[in-house]
Amino acid sequence: MNYTPEMEKAMQNTHHMGYADYCRKLENRMKVEKRRQADHDKCKHILAEIDNQIHK
């Protein structure tokens, strides 16, 4: 995969590490993926709440 400067900037801003650090250590990858999963779950919950309010 081609890693672009925009992707690097987003990784730095969001996870405070570069892509090279992300790739280098399993511990770093696990932290990032846990954060991503938590964010995804939070967004799904918010969407379900909004959907529930719309269909009342």
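None of the figures in this text is laboratory data; all of them are computed from the coordinates on show. Values in this document were obtained by computation on a predicted structure and should not be read as measured data. Cβ coordinates were reconstructed from backbone atoms using ideal geometry, including for glycine residues, and neighbour counts include every protein chain displayed.
Using a simple spin-label model with pseudo-atoms 7 Å out from Cα toward Cβ, Thr14 and Gln53 lie 2.5 nm apart.
Length gained on full extension, Cys23 to Gln37, computed as 0.36 nm times the residue gap minus the Cα-Cα distance: 3.3 nm. The C-alpha atoms of the chain define a longest principal axis, and helix 5-15 lies at about 70 degrees to it.
Prolate is the label for the chain. Its Cα gyration tensor axes, ordered a ≥ b ≥ c, give a/c of at least 1.5 and a/b above b/c.
Relative to the longest principal axis of the chain, what angle (0 to 90°, nearest 10) does the C-alpha long axis of helix 26-54 take? Approximately 20 degrees, to the nearest 10.
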